[in-house]
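Coordinate-derived values only; no laboratory data. All figures in this text were calculated on a predicted structure; none of them were measured in a lab. Note that we place each Cβ from the backbone using ideal geometry, even for glycine, and neighbour counts take in every protein chain shown.
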Amino acid sequence: MNAPRPPTEQEKFGRHRPLTDRDAHEINRVEELSYDLKIHEIIAAEVVAIAPDAPLSDALDLLRLHRISGLPVVDEENLVGIISVEDILRALQNGEIHLPVKNYMSADPVSVRASDSIVEAIKIFTETGLGRLPVLNENKRLIGIITKGDITRGILRAVQHDYQEEEVRRYRASHLFEDIVSDRTTLVLRYAIQAGDFTHGGNASANIKRALLRLGANPQLARRCGIAAYEAEMNLIIHTAKGGVLKLEVESNEIVISAADDGPGIEDIQKVLQPGYSTASDQIRAMGFGAGMGLVNIQRTVDAMELKSAPGKGSKLIMRIAMSADDKKGAL
Amino acid sequence: MNLQHVIDALQLSVLTEARDFSAISPSGGYASDLLSCVMAGTKKGALWITLQAHMNIVAVAALTEVAAIVITENAQPESAVIAKADEQNVILLSTPKTSYEICGALWEIGFR
């Protein structure tokens, strides 16, 4: 006795299997393209057609010659039908291959308009199971045929185009410094950091790291800058009265990250530079901050660090990271 | 040993989106609840064991490029934390065990 067969995906979930978020992301772009792309953009420029009074044997010759599986039937520029390999097979079975095309064609075929989005064609393909659809222009004249293969190719071409555009954007970013000529070119990124905003803590640093990677910095350099920026960002969130500004300056041979605030300032700079020294509250320590390691980490990560502060006024932390030739594969 | 083996062996629950964990090979481990220590101490590609579950662990994990965060003692991150982790490609794993037990188990299965 046969063990019961496990249900296939289609049986279990219907025609559409459940989408994961990642699928949804991929499909959204393809779906978007199926609305963006118009039928006339993806169909072949030439169309092979046959007259209704031509013998079926001529239709067969045309299908063979062009290696296609169906032909539109056109009478004085008007679409009157479609003849497919299956129709011709029926004629052959009946020994009627000498009869005119009109005897075996499907009359009044479903058609689409050239200006429609390809999603219209996809819908008809799905609903009817047809393999090809005639495409008409605004004057109802036949201008081509669309097949499922045309749709696949059209979408692949558009996706490829997207990909190339992204490559170009990345190339432009990574050659920024070569393309812009000046005596001294500096790229400055500024981030306003709110005091106590733990929810967004680390966002600015993540953006800094991403920007550096996009500019073509090597991953090790981007990681070092990300870590230094994170510690400085968290200091602004934890220890300032009103937050401050985190700034990244990219120059041709070094990166300068600075964090500036207007209070409350640091009483004893020597003390805050000691590993483990912390003024953080118990609540902040419970979140895993306030280890007294932030500035120590920064010092270890960057090439030079400078901390200036006036109690009651504010602090400024400046971090410098030198760039070797190896660090700057792209713009940097 | 890949991350799928670790998840199976330690019976970890996956909080973030499913993906091909067998393609990820953690390089080792690091345990701390102090974020600055993690910044300084963890290696890229390691497993980070912590009982912190708030938003900032995602930023730390993304910046240090750890393979995954193992959140111990059933500390439950808020849904916003999980969403942020998915956005930043950070894997969150969860266990009722303590950090001590997880470190021991990782050591047992060969992460030294």
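Per-residue shielding of A:222-233, expressed as the average number of other chain Cβ atoms within 10 Å of the residue Cβ, stands at 3.
With the cut-off at under 17 Å, measuring from each backbone N in region A:158-196 to a point 7 Å along the Cα-to-Cβ line of A:GLU32 picks out A:158-170. If the segment from A:HIS200 to A:THR128 were pulled out straight at 0.36 nm per residue, it would be longer than the present Cα-Cα gap by 20.8 nm.
Sequentially through region A:51-67, phi angles give Karplus couplings (6.51, -1.76, 1.60; θ = phi - 60°) of 7, x, 8, 5, x, 4, 4, 5, 4, 4, 4, 5, 4, 5, 4, 9, 6 Hz, Gly and Pro residues having no value and appearing as x.
Straight-line cross-link reach from A:LYS123 at under 14 Å between alpha-carbon atoms covers these aspartates and glutamates, not counting any fewer than eight positions away in the same chain: A:GLU31.
Let me know the longest stretch in chain A that avoids all trypsin sites (Lys or Arg not before Pro) found in a DSSP loop with at most 10 other C-beta atoms within 10 Å. Of all site-free stretches, the longest is A:185-332.
Per residue, the convex hull spanned by the Cα atoms of region A:21-152 amounts to 108 cubic angstrom.
Residues in region A:131-166, backbone N under 16 Å from the label point at A:GLU77 (7 Å along the Cα-to-beta-carbon vector): list them, ranges by number please. In region A:131-166, the label zone of A:GLU77 (backbone N under 16 Å from the point 7 Å along Cα→Cβ) covers A:136-144.
Averaged over peptide A:198-205, the number of partner chain Cβ atoms lying within 10 Å of each residue's Cβ comes to 5. Shielding by partners for peptide A:283-294, expressed as the average number of C-beta atoms from other protein chains within 10 Å of each residue's C-beta, is 5. Relative contact order for chain A: 13 percent, from Cα pairs under 8 Å spaced at least 6 residues apart, divided by residue count.
Distant-in-sequence amide contacts of A:ALA44, defined by a placed amide H-H separation under 5 Å and a gap of 5 or more residues or a different chain, comprise A:ILE145.
Multiplying each eigenvalue of the alpha-carbon gyration tensor of region A:184-322 by 5 and taking the square root yields semi-axes of 24, 15, 14 Å, largest first, rounded to whole angstroms. Size descriptors for the protein assembly as shown: radius of gyration and Dmax over Cα atoms are 32.0, 104 Å.
For the residue pairs A:LYS209/B:LYS97; B:LYS43/B:LYS84; A:LYS308/B:LYS84; A:LYS308/B:LYS43; A:LYS247/A:LYS313, the alpha carbons lie more than 27 Å apart in A:LYS209/B:LYS97; A:LYS308/B:LYS84; A:LYS308/B:LYS43. Which residues in region B:85-109 have a backbone N closer than 18 Å to a point placed 7 Å from the Cα of B:MET1 along the Cα-to-Cβ line? Once the point is set 7 Å along Cα→Cβ of B:MET1, B:93-109 turn out to lie under 18 Å by backbone N, inside region B:85-109.
Taking only the C-alpha atoms of region B:21-63, the Rg (one decimal) and the largest Cα-Cα distance, Dmax (whole number), read 10.3, 30 Å. Which ³J(HN,Hα) values, rounded to whole Hz and listed in residue order, are derived for region B:64-81 from phi using the Karplus coefficients 6.51, -1.76 and 1.60 in 6.51 cos²θ - 1.76 cosθ + 1.60 with θ = phi - 60°, glycine and proline given as x? Computed from phi, the couplings for region B:64-81 are 8, 6, 6, 5, 6, 9, 9, 8, 9, 6, 6, 4, 9, x, 5, 4, 5, 5 Hz. Taken as Cα centroids, region A:34-62 and region A:270-291 sit 75 Å apart, rounded to the nearest whole angstrom. Computed on region A:184-322, with alpha-carbon pairs under 8 angstrom and 6+ residues apart, the relative contact order is 26 percent. Semi-axes of the equivalent ellipsoid of region B:1-96 are 17, 15, 13 Å, computed as sqrt(5λ) over the eigenvalues of the C-alpha gyration tensor in descending order. Each label point was placed 7 Å from the Cα along the Cα-to-Cβ direction; for B:SER13 and A:ASP162 their separation is 3.4 nm. Short-range pairs are left out: with C-alpha atoms under 8 Å and at least six residues apart, the relative contact order of chain B is 28 percent. Give me the log10 of I(q) over I(0) for region B:57-96 at q = 0.16, 0.25 Å⁻¹, as the Debye formula computes it from C-alpha points; what are the numbers? So the normalised log intensities are -0.34, -0.80. Convex hull volume per residue, computed on the Cα atoms of region A:124-238, equals 246 Å³.
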